[in-house]
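*Asks:* Submitted below is the structure of interest, expressed as structure tokens.
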Amino acid sequence: GYNFGLYNTVIANGAEEKRLANKFVTWETALKQNYGVDMNFFSDKLRLTFDYFIEKRKDILINRRTIPIYTSLNESLLPVVNMGKVDNKGYEVSLKWNDKVKDFSYWLDANMSYAKNKIVYQDEVEPNEPYMWRTGQSVDAIFGYVTERFYTEDDFETIDEAKGIYKLKEGVPTIDPYVRDPRPGDILFKDLNGNGKIDNSGDNTAKDAGDRKIIGNNSRRYPYAINAGVGWKGFDLTVFFQGVGKRDLIVGTDGKSNFLAWPHTNTDNPNAAATVLKHHLDYWTPENPNAYYPRLGNQTGVNQGTDGFNRRNQTKYLMDASYIKLKNITLSYSFPSSWLEKTRAISAFKVFFSGEDLWTKHHMYKGMDPEQTMSINDLYPFMKKFSFGINVTL
């Protein structure tokens with residue numbers, strides 16, 4: 001920038017050249033294979049379908065990371081390139097049953113799928129520890145620390161709260177020196193590389209980095225749905241369930257759902273910032289050593305701040321995001337055509353009563369919807385919906 005005039009101290013912004021362009025950028029390329037089997041049994045009452053797919057993607061846009069340090073370049077300056085490779089494979093199974101016994105009919109339609117991906121190439125610098133490789137892992141893998149326990153007063157030689165002096169005993173892992181000394185009630189992570197301290201770097205290739213590994217997978221594995229119904233003399237009852245068999249979710253560390261995991265979180269939403277939920281009250285004190293949350297902080301300092309060490313991605317905040325939900329149940333009655341013939345105007349008359357989102361079973365915080373993204377706008381109570389209607393065909 002520049003300042004114009006002899007005594008003018010205001011700087012006017014100038015132009016700056018940043019990321020270099022890549023005129024050879026092109027589309028991703030995918031090679032797909034699909035193998036399917038359809039089977040019918042018992043005069044088509046039972047139908048079974050199985051599909052297996054393999055997909056290999058290449059030419060994915062990535063940032064170069066293996067850059068010699070003497071070039072003074074970094075991934076934010078170099079152009080993106082078509083070098084990434086990811087493999088996908090999975091299957092889908094569906095089962096249908098439809099039968100009728102005199103006036104009673106019943107049917108079932110169920111499906112389940114599974115997909116797995118693997119990073120084949122992403123130009124990754126070799127990490128300090130083998131368990132820190134991203135290459136070879138899932139795109140949705142969650143990396144973080146392994147929560148071991150809370151620091152206790154027995155871990156310290158000296159404690160002087162007035163002067164802020166907390167000296168750990170020899171042999172107790174300390175936090176990387178870039179962070180001030182921990183205090184009783186802070187979280188102690190597992191020292192995976194055995195160097196006597198807990199790494200504070202977010203970079204896998206940083207000096208002494210090596211205390212984070214894969215702790216979960218955010219992909220929705222084994223999504224399934226069950227649609228079933230019965231009918232008898234004009235009455236029909238249908239139910240629809242859906243869910244996910246396996247998924248891991250970190251809540252409270254992504255900047256969007258901090259208010260769910262932490263009280264008085266500073267967000268763009270003042271209502272969320274003032275939120276204190278029931279589970280927030282279970283925090284560490286000397287009288288409550290088995291609490292879920294670490295000690296209360298003052299929102300200053302690295303240990304207590306929004307991006308503090310206590311709030312890093314870790315196994316403590318890894319939630320089982322599997323769920324099953326009753327999405328819909330409908331009861332209806334269709335009047336017999338013999339009744340309607342007398343009106344000479346109505347060919348079909350049906351009444352129904354329906355309910356949506358009536359029941360959900362999950363393992364996360366109360367009030368969370370496992371189908372949502374857990375952003376600020378998604379903190380809304382479950383709404384059960386009921387409707388009554390009439391369908392008339394003239």
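The values are calculated or read from the model by the stated rules, or taken from the named source; none is laboratory data. All values derive from a computational prediction rather than experimental measurement. Positions of Cβ are backbone-derived with ideal geometry, glycine not excepted, and every protein chain shown enters the neighbour counts. The accessibility values were calculated without ligands, DNA or RNA, using every heavy atom of the protein model including side chains. Shrake-Rupley method; radii C 1.70, N 1.55, O 1.52, S 1.80 Å.
*Asks:* Just one of the numbered conditions (1) surrounded by 15 or more Cβ atoms within 10 Å (Cβ to Cβ); (2) modelled with pLDDT under 95 is not true of L73; which one?
*Replies:* (1)
*Asks:* Can you pull out the strands (runs of 3 or more DSSP E) entirely within the stretch 39-150 that have at least 3 residues that are among the polar types (S, T, N, Q)?
*Replies:* 81-101, 104-121
*Asks:* If you take the residues of the stretch 17-50 that are open to solvent by 100 Å² or more (accessible area, probe 1.4 Å) and touching a Ser or Thr at 6+ places or on another chain (Cβ under 7 Å), which of them is farthest from M112 (Cα to Cα)?
*Replies:* R19
*Asks:* Something else: Residue under question is I62, and the condition is that it be touching a Phe, Trp or Tyr at 6+ places or on another chain (Cβ under 9 Å), aliphatic (A, V, I, L, M), within 23 Å of G90 (Cα to Cα) and open to solvent by less than 70 Å² (accessible area, probe 1.4 Å); does it hold?
*Replies:* Judged against the criteria, I62 is not a match.
*Asks:* Which one is modelled with the lowest pLDDT among residues in the stretch 1-32 that are more than 28 Å from G84 (Cβ to Cβ), part of a loop (DSSP other than H, G, I, E, B) and among the aliphatic types (A, V, I, L, M)?
*Replies:* L6
*Asks:* Taking the criterion of being at pLDDT 80 or above, part of a loop (DSSP other than H, G, I, E, B), surrounded by 15 or more Cβ atoms within 10 Å (Cβ to Cβ) and of a type in the set (S, T, Y), would at least one residue in the stretch 320-335 satisfy it?
*Replies:* Looking through the stretch 320-335, at least one residue is at pLDDT 80 or above, part of a loop (DSSP other than H, G, I, E, B), surrounded by 15 or more Cβ atoms within 10 Å (Cβ to Cβ) and of a type in the set (S, T, Y).
*Asks:* Can you tell me which residue is most open to solvent (accessible area, probe 1.4 Å) among those in the stretch 153-179 that are closer than 12 Å to K197 by Cβ, assigned to a loop (DSSP other than H, G, I, E, B) and at pLDDT 85 or above?
*Replies:* The extreme case among them is G171.
*Asks:* Just to be sure, is T147 at pLDDT 85 or above and not basic (K, R)?
*Replies:* yes
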